[in-house]
There are 2 protein chains.
Amino acid sequence: MIDKGLLKGSIKTIVLKLLSEHQRMYGYEICQHVKTISQEQVILTEGALYPMLHKMEADGLLLTEKVRVGNRVRKYYQLSTTGTQEVTKKLEQFRTYVEAMQLILQPKMTN
Amino acid sequence: MIDKGLLKGSIKTIVLKLLSEHQRMYGYEICQHVKTISQEQVILTEGALYPMLHKMEADGLLLTEKVRVGNRVRKYYQLSTTGTQEVTKKLEQFRTYVEAMQLILQPKMTN
DNA sequence: ATAAATACCTAAGAATTTTAGGTATAAAAG
DNA sequence: CTTTTATACCTAAAATTCTTAGGTATTTAT
């Protein structure tokens, strides 16, 4: 699995990107989806994800909607207008970060 | 400047890589060098760097050597055997991390 | 009937970093 | 020549983010 330290600071970017593609998702679904598409490499733990979702909602990036499914209540998240703008910023920041790191770690990552 | 959050967990990798190319460097030099080669994008603050260097030395990754320069004492760091092995691991982990992130963030980072 | 999967959550602690200092020498600028 | 900037080291408090390790409850598989 991926080095924990490196993943720090990436969760928000991941959540924003997934929501920009899926309209709405719930927490557990996000965990599973990340696991699947990253080929089991990125494991978003619930202890990290839920507090982050709550923070992003408090920051006005996400909107929520509770939906009853049988006897359970699912909490769906979707991007707010601010959140939608934030996606672009975060993706851009990630790109810049990788480029800067490659300048430092040089040989084009292909060594 | 680079998003702070993303840089978390990268300092160790950066230090190891620089030392693998330079035989020996001192703290202040590392800060300046990173700033220069990253084109002012990555700013390693001393408050983050020095404690990390001390930790890496304590963990046996680095060896130190104090050198008088005029009336000042410079503290040079170089890789230990363990440190040298660690470079490869860390670079590999970084590559894996970027690849995994690209699976999630998809459009090959070129969008 | 029991275990595993789904689905939410929190709180204590660890790890890493920021912020904001402190000390002191050497070089540049006014 | 004195003040600022650069060099060069350091630490400690606070903030951030994450891990670990729980807890609850429903639903599906074994």
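For the range B:56-77, give me each residue that is open to solvent by less than 70 Å² (accessible area, probe 1.4 Å) and of a type outside the set (Phe, Trp, Tyr).
Residues satisfying the conditions are B:Met56, B:Glu57, B:Gly60, B:Leu61, B:Leu62, B:Thr64, B:Val67, B:Val69, B:Gly70, B:Lys75.
Can you go through A:Leu18, A:Leu6 and tell me which one is within 11 Å of DNA strand D (Cβ to nearest atom), in a helix (DSSP H, G or I) and at the interface with chain B (Cβ under 10 Å from one of its Cβ atoms)?
Only one candidate passes the filter, namely A:Leu6.
Hey, among the residues in the range B:32-55 that are within 14 Å of chain A (Cβ to nearest Cβ), more than 10 Å from DNA strand C (Cβ to nearest atom) and surrounded by 19 or more Cβ atoms within 10 Å (Cβ to Cβ), which one's farthest from A:Gln93 (Cα to Cα)?
By that ranking, first place goes to B:Val34.
Out of curiosity, is A:Ile14 among the hydrophobic types (A, V, I, L, M, F, W, C), open to solvent by less than 60 Å² (accessible area, probe 1.4 Å) and more than 13 Å from DNA strand C (Cβ to nearest atom)?
Here the answer is yes, as A:Ile14 does meet what is asked.
Return only the number of the condition from (1) within 28 Å of B:Lys89 (Cβ to Cβ); (2) away from DNA strand C (no atom under 11 Å from the Cβ); (3) under 11 Å from the mean Cα position of the chain (by Cα); (4) among the aliphatic types (A, V, I, L, M) that A:Val87 does not satisfy.
Unmet for A:Val87, out of (1) within 28 Å of B:Lys89 (Cβ to Cβ); (2) away from DNA strand C (no atom under 11 Å from the Cβ); (3) under 11 Å from the mean Cα position of the chain (by Cα); (4) among the aliphatic types (A, V, I, L, M): (1).
Among the residues of the range B:46-88, which ones are part of a loop (DSSP other than H, G, I, E, B) and either under 15 Å from B:Arg24 (Cβ atoms) or at pLDDT 95 or above (or both)?
Result: B:Asp59, B:Gly60, B:Leu61, B:Ser80.
Scanning for something within 12 Å of chain A (Cβ to nearest Cβ), away from DNA strand C (no atom under 11 Å from the Cβ) and touching a Lys or Arg at 6+ places or on another chain (Cβ under 7 Å), does the range B:67-84 turn up at least one residue?
no
The values are calculated or read from the model by the stated rules, or taken from the named source; none is laboratory data. Remember, predicted model here, so these are calculated numbers, not experimental data. Because the Cβ atoms are built from the backbone with ideal geometry, glycine has one as well, and the counts that use them run over all protein chains shown. Ligands, DNA and RNA are stripped out before the accessible areas are found, and what is left, the full protein with its side chains, is counted by its heavy atoms. Shrake-Rupley method; radii C 1.70, N 1.55, O 1.52, S 1.80 Å.
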